[in-house]
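For reference, the structure discussed in these notes is given below.
The values are calculated or read from the model by the stated rules, or taken from the named source; none is laboratory data. It should be emphasised that the depicted structure is a prediction, and the values quoted were computed from it without experimental measurement. FYI the Cβ positions are ideal-geometry reconstructions off the backbone, even for glycines, and counts take in every protein chain you see. SASA here: full protein model, heavy atoms, side chains in, ligands and nucleic acids out. Shrake-Rupley method; radii C 1.70, N 1.55, O 1.52, S 1.80 Å.
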Amino acid sequence: MKQLSLMQKLVCMGLLIIPFGLNGLETKLSGEFWGRWLSEIAKRKDSNGNYEDKLVNNYFSLERGYLGLETKFIDQVKGRFTVDVFTTDKTYEYQTYSLEDSTLISSSKSGSIDGVGLKIKYAYVDFGGLIPIKDLSLTAGMQKVYFGSIYDWNYTLVSKAPSDEHKVVNSADLGITVNGYLPSGYGEYAFGIYNGEGYKKVGTNLKDNTDFAYLGNLRITPITGLTVGGSYMYNTVGRDKDLNGEVTNPSYEKQQLMDIYTCLAYGPVNLISECIIKKVDYPNLSDSNNTKEYTARGISIFPILNLKDFVKYDLQLVGGYDIWDESDRIETDKARNKVIASTIGVNYNFMPDETYTPVMQLQLNYIDKNYDEDKSHSDYANGRRDSSQIILQLKWKFANIL
Amino acid sequence: MKSIIKSVAPMLMMLLAFSLNAETKNQITCTGSTTVLPIAQATAEVFMNNHAEINISVRGGGSGVGIASLQNKTTDICNSSRPLKSKEISTAKAKGINPIPYAIANDAITIVVHNSNLLNNLSIKQIKDIYTGNIINWKELGGANVPIVVISRDVASGTYEVFNDKVLAGAKVIGSAQLLASNNAVISAVSNTPGAIGYVGLGYLNDNAKLLSVNKVTPSELTVKNNSYPLSRKLYMYTNGKAKGIVANYIGFIQSDRGQKIVVEQGFINIK
């Protein structure tokens with residue numbers, strides 16, 4: 001890591017200073033860090049134009065560095081602020097749009113000179129007891145998106161939650177939600193209004209429309225160990241008509257996002273499955289080219305086998321089988337896209353805390369991605385290629401009451 | 001995919017066989033509330049004396065730690081001085097853990113002050129005012145001109161949760177309060193600090209600190225059992241599903257006449 005930008009320095013200083021400023025309040029400082037080695041072999045063209053396997057990535061990285069502060073103002077009102085600091089030298093694109101008609105004025109790409117990225121992940125206040133319903137909270141700010149498994153995905157596998165991996169929703173967004181728990185541990189629910197773009201976009205990169213995204217989520221645990229849930233989100237992308245002249249925007253899209261989630265936890269076995277449907281409609285397009293709408297579908301299954309009761313060490317065997325099919329999508333400038341990802345791996349959990357819960361996890365995952373495409377297409381799978389990855393990752397975390 | 005299933009199936013069969021063997025273990029772990037700790041330790045000692053082949057490991061940490069341990073499957077018994085919340089039950093059930101409570105004793109959160117304190121009684125409202133900083137000197141309550149030193153419990157404590165629910169009603173404890181990790185630490189701090197006030201489970205009362213009545217009711221077997229003492233509560237042991245095997249035998253022992261006699265010997269009130 002070289003130098004931090006002014007903004008990054010301010011956030012880091014804030015993290016150091018805030019705990020002292022909150023004298024007398026109950027404040028928790030927590031952190032979670034992922035150090036990763038990734039080696040990737042992927043299809044690339046040789047000099048004859050044929051695809052062959054090549055080593056395309058082989059590097060160490062700090063993939064995540066969550067630093068969080070949680071404070072309890074009174075028993076039922078809590079605040080949370082979390083930033084994600086991570087190593088990166090990826091380029092970023094800065095675009096400037098006209099405020100009048102949202103047209104692109106300029107675009108520039110730049111490489112990160114710092115070797116570090118920083119995102120605000122959570123910044124919200126949780127008001128319990130504001131609404132007179134037991135175990136119900138109103139949460140305002142940048143917070144979790146209660147969709148599918150994305151909001152409690154604990155990365156037992158290295159890969160992201162399916163709805164995150166396939167960019168169906170973002171893991172956090174700005175908005176207001178009411179969320180709570182059913183009596184006697186029968187489940188949980190959430191309803192929310194969000195910006196709709198996720199936590200990574202603000203200012204000029206914010207989606208160029210004024211619509212919010214609407215979300216409903218319900219999970220029920222009818223019997224111990226079996227959880228079933230469903231999520232629905234309505235979102236839009238782009239502005240229906242521009243501000244200058246009321247011209248309809250052909251890229252304007254309406255999205256209906258649905259998710260069915262099940263989790264079976266029985267003895268040493270956990271089985272998580274998820275089904276995602278993303279329906280996209282372009283209401284301002286004519287239907288002459290069958291481009292007016294498409295539906296993408298995904299199915300994922302993740303078996304996890306906990307071995308700690310049977311062997312000397314706290315080991316987990318993990319697997320994943322994930323299909324994402326966007327082949328219904330027909331666009332003139334992009335190829336169709338269907339991908340199957342298979343994962344197999346092992347976790348070693350160690351260094352137990354006061355609850356005898358390990359705070360360190362060593363993960364070894366092998367991920368094979370296969371795109372079901374016409375590989376002769378110049379832009380098949382939107383530039384992505386069949387690949388195999390080996391990832392070794394050390395995760396560690398801490399939490400202390402200040 | 002078929003090959004994966006073929007390789008995983010024998011492993012599952014082996015694990016099933018292992019899991020059947022696991023039922024025969026002779027080790028019990030018991031984690032959580034520091035209030036329940038003396039009951040768990042004393043009963044475990046007697047139980048192990050009568051069952052030499054069984055080993056019971058008792059750990060403290062607070063009710064919150066015990067509940068997290070039960071959810072993480074790192075303990076057989078969770079000791080808790082409060083009932084589980086909906087969120088905790090929901091989280092546990094989703095992980096395949098079915099928390100079943102066993103009441104093992106009646107208890108009261110007692111209000112204790114330094115022996116030099118002139119007062120004998122406080123109302124719930126007065127206690128709340130003290131803990132939220134609205135009353136900062138004993139003379140405001142008719143006592144000596146001594147600043148009040150507020151001593152409370154940390155957030156992992158079930159005693160704190162019950163105190164927060166029954167006295168503070170969600171209000172924030174004054175920032176200058178000392179937050180201590182155990183009943184022993186509280187009673188020790190109160191007995192050594194003129195002007196101090198604290199709260200502990202019945203079993204931790206001793207002559208080094210002065211017990212106050214609350215709303216003019218003194219905690220006793222009668223007032224706790226009939227709930228006329230406003231800070232009465234039950235103490236629990238939680239297991240994953242209905243207790244079985246040696247865990248059931250141990251909890252059954254605590255609930256038996258012999259076990260309840262030990263509960264009383266430890267300063268708590270029986271559930272009979």
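The table below gives the values:
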item	result
Rounded to the nearest 10 Å², the accessible area of A:F398 at probe 1.4 Å	70 Å²
Accessible surface, 1.4 Å probe, highest first, among residues A:W324, A:W396, A:W37, A:W153	A:W396, A:W37, A:W153, A:W324
Residue-averaged beta-carbon neighbours from other chains (10 angstrom radius) around A:350-356	6
Heavy-atom accessible area ranking, 1.4 Å probe, most first, across A:R36, A:R80	A:R80, A:R36
Computed accessible area, A:T224, all protein chains, 1.4 angstrom probe, square angstrom	50 Å²
Nearest-20 debye value, the stretch B:107-232 charge dipole, Cβ charges on Lys, Arg, Asp, Glu	240 debye
Fraction of beta bridges assigned by DSSP in the stretch B:107-232 that are antiparallel (%, nearest 5)	65 percent
Heavy-atom accessible area ranking, 1.4 Å probe, most first, across A:M142, A:M258	A:M258, A:M142
Calculated FRET value between A:L364 and B:A144, using beta carbons and R₀ = 45 Å, to 0.05	0.10
Check: the stretch B:168-272 dipole with +1 on Lys, Arg Cβ and -1 on Asp, Glu Cβ, in debye	360 debye
Partner chain coverage, peptide B:66-76 - average Cβ within 10 angstrom	3
Charge tally in the Cβ shell below 13 Å around A:K308, where Lys, Arg are +1 and Asp, Glu are -1, A:K308 excluded	0
Residue-averaged beta-carbon neighbours from other chains (10 angstrom radius) around B:50-62	1
Stokes-Einstein diffusion coefficient of chain B, Kirkwood radius over Cα pairs, 4 °C, 1.567 mPa s, in µm²/s	65 µm²/s
Heavy atoms of A:I367: accessible area, 1.4 Å probe, square angstrom to 10	10 Å²
Members of A:K144/A:K397; A:K279/A:K338; A:K167/B:K93 lying beyond 26 Å, as alpha-carbon distances in this model show	A:K167/B:K93
Tail weight of P(r) past 23 Å, computed on alpha-carbon pairs of the stretch B:107-232, percent	21 percent
Between the stretch B:106-170 and the stretch A:236-256, the alpha-carbon center distance in angstrom	61 Å
Straight-distance crosslink candidates among lysines, where the alpha carbon sits under 25 Å from B:K128 and sequence neighbours closer than 8 are dropped	A:K28, A:K72, A:K78, A:K134, B:K85, B:K139, B:K166, B:K172, B:K210, B:K216, B:K225, B:K234
